[in-house]
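Here's the structure we're looking at; comments come further down.
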2 protein chains.
Amino acid sequence: MCPHALIPFKPAGPKSRLSGILSPEEREAFARAMLEDVIAAAKDANCSPVIVATELYDSEDIQVTIADKDLSGALNEVLSQAVGSVLILMADLPLATGPAIQRVVTTKSNIAIVPGRGGGTNAIFVAEPAKFHVDYYGMSFSKHLRIAQEAGLSCEVIDSFLLHTDIDEEEDLVELLTHGTGKSRKYLEDLGFTLSAENGRVSVKRKNVSSPRA
Amino acid sequence: MCPHALIPFKPAGPKSRLSGILSPEEREAFARAMLEDVIAAAKDANCSPVIVATELYDSEDIQVTIADKDLSGALNEVLSQAVGSVLILMADLPLATGPAIQRVVTTKSNIAIVPGRGGGTNAIFVAEPAKFHVDYYGMSFSKHLRIAQEAGLSCEVIDSFLLHTDIDEEEDLVELLTHGTGKSRKYLEDLGFTLSAENGRVSVKRKNVSSPRA
């Protein structure tokens, strides 16, 4: 009753859409901080984190290193060999909490899925991994519903904004600074990011002009 | 045990940030379709909808017409006179469902709040309206938490992406076309809107060049 939580992670050159406001070093440090928040939430939900990375990553947690595969190929290789239920959790979900993940892994369906912004899939729980495969390119949420249906698997959609909120763009940082409680929020605040409400619209502002060392 | 659901609504000139892809008439029709979806969800959750509008609106539901007040002022006037618990629900939440609203109104706390994208407040349930007031300008989510705390009221944050997703910008339409099931999704589809996934990024496309009559 303690599912593995597969967390795909790309240590090098992550989060390119934040390059307007974070340096390459800052983006790498920020991505690591988000990963640590996700790992902490997974552990709080009694899941065992397994980092699925494109290169070896400095962490105490179990790792699977997959060099020459895309995201879906890498995860499907792990799914095909998995024993017991598996949760796949994206690494850029710093609002994730133990209770939110618990709602996913305690589903009574064969599959539980949390959509991400923009048609994606942020979390997916698979009771019997050998019967399912993932396809993360494009409109993956609709694809995953269809794959489950074609395999005759029941599927629950979990209604969670904490797991729906992936951090890709500058405006997503508003969500992190509003609702975050972990290391990645602190990292942004240490860099001088704050919320600003001008004309009623909320955005992020960076106070310090010179970047602190990451 | 059947709370009123106050739904603020602006019939004229709504959703200006969609003006790049919808004509003024289409935006008004789209806003009405979203309102109807929200009303249907509120009724499904056993709430009694009350439209709080800036002008009289053609609807069978109960209406309160407030002419010369801003959103917060209008709602606070209603709250101060309300008998029994009250839910305030934004009109641009077309993914709202009965079960999602049920999670809000069945809170065991004095207040239940669902944050919106960008620091806002999309739904707020108040067990004793006379003890609370709203302030919707800017970072209203944080303000509402503070108002509850200062009034000594317990507050639950409801983790729902269906109620978190307000429709303001073109990219929000991706969420509606992916997850919507009601009239506002159908309205967009009838106008020729579809999802498109190019280079793995999902966006909306409008097929018909000529606008159908709204």
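The values are calculated or read from the model by the stated rules, or taken from the named source; none is laboratory data. The model shown is predicted, which means the values in this text are computed figures rather than measured ones. Glycine gets a Cβ as well: all are built from the backbone with ideal geometry, and neighbour counts include every protein chain shown.
The figures follow:
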quantity: Whichever residue in the stretch B:133-145 is without any contact (Cβ under 8 Å) to a residue 40 or more places away in the chain and touching an Asp or Glu at 6+ places or on another chain (Cβ under 9 Å) and, among such residues, is surrounded by the most Cβ atoms within 10 Å (Cβ to Cβ); calculated: B:HIS144
quantity: From the options A:HIS179, A:HIS144, residue that is out of contact with any helix residue (DSSP H, G or I) (no Cβ under 9 Å at 6 or more places or on another chain), modelled with pLDDT of 95 or more and of a type outside the set (Gly, Ala, Ser); calculated: A:HIS144
quantity: Residue count for the stretch B:137-156, restricted to those that are aliphatic (A, V, I, L, M), within 12 Å of chain A (Cβ to nearest Cβ) and farther than 17 Å from B:ASP70 by Cα; calculated: 1
quantity: Of all residues in the stretch B:172-187 being charged (D, E, K, R), surrounded by 15 or more Cβ atoms within 10 Å (Cβ to Cβ) and away from chain A (no Cβ under 11 Å), the one that is nearest to B:ARG17 (Cα to Cα); calculated: B:ARG185
quantity: Strands (runs of 3 or more DSSP E) fully within the stretch A:49-143 counting 1 or more residues that are among the polar types (S, T, N, Q); calculated: A:62-65, A:121-126
quantity: Residues located in the stretch A:103-136, provided they are more than 14 Å from every other protein chain (Cβ to nearest Cβ) and more than 17 Å from A:GLU156 (Cβ to Cβ); calculated: A:ALA130, A:HIS133
quantity: Some residue of the stretch B:188-205 being part of a helix (DSSP H, G or I), farther than 30 Å from B:LYS69 by Cβ and either at pLDDT below 95 or at the interface with chain A (Cβ under 9 Å from one of its Cβ atoms) (or both); calculated: no
quantity: Only listed residue being within 14 Å of chain A (Cβ to nearest Cβ) and either surrounded by 20 or more Cβ atoms within 10 Å (Cβ to Cβ) or modelled with pLDDT of 90 or more (or both), chosen from B:ALA42, B:ALA74, B:ALA96, B:ALA31; calculated: B:ALA96
quantity: A:GLU169 being at the interface with chain B (Cβ under 10 Å from one of its Cβ atoms), closer than 16 Å to A:LEU93 by Cα and in a loop (DSSP other than H, G, I, E, B); calculated: yes
quantity: Odd one out for B:GLY192, checked against (1) buried (at least 22 other Cβ atoms within 10 Å of the Cβ); (2) in contact with a strand residue (DSSP E or B) (Cβ under 7 Å, 6 or more places away or on another chain); calculated: (1)
quantity: Every pair of residues 6+ apart whose Cβ atoms lie under 9 Å, when the first sits in the stretch A:147-162 and is within 18 Å of A:LEU89 (Cα to Cα) while the second is part of a loop (DSSP other than H, G, I, E, B) and basic (Lys, Arg); calculated: A:GLU156/A:LYS108
quantity: Test for A:GLY152: is it outside any helix (DSSP H, G or I) and under 21 Å from B:ASP172 (Cβ atoms); calculated: no
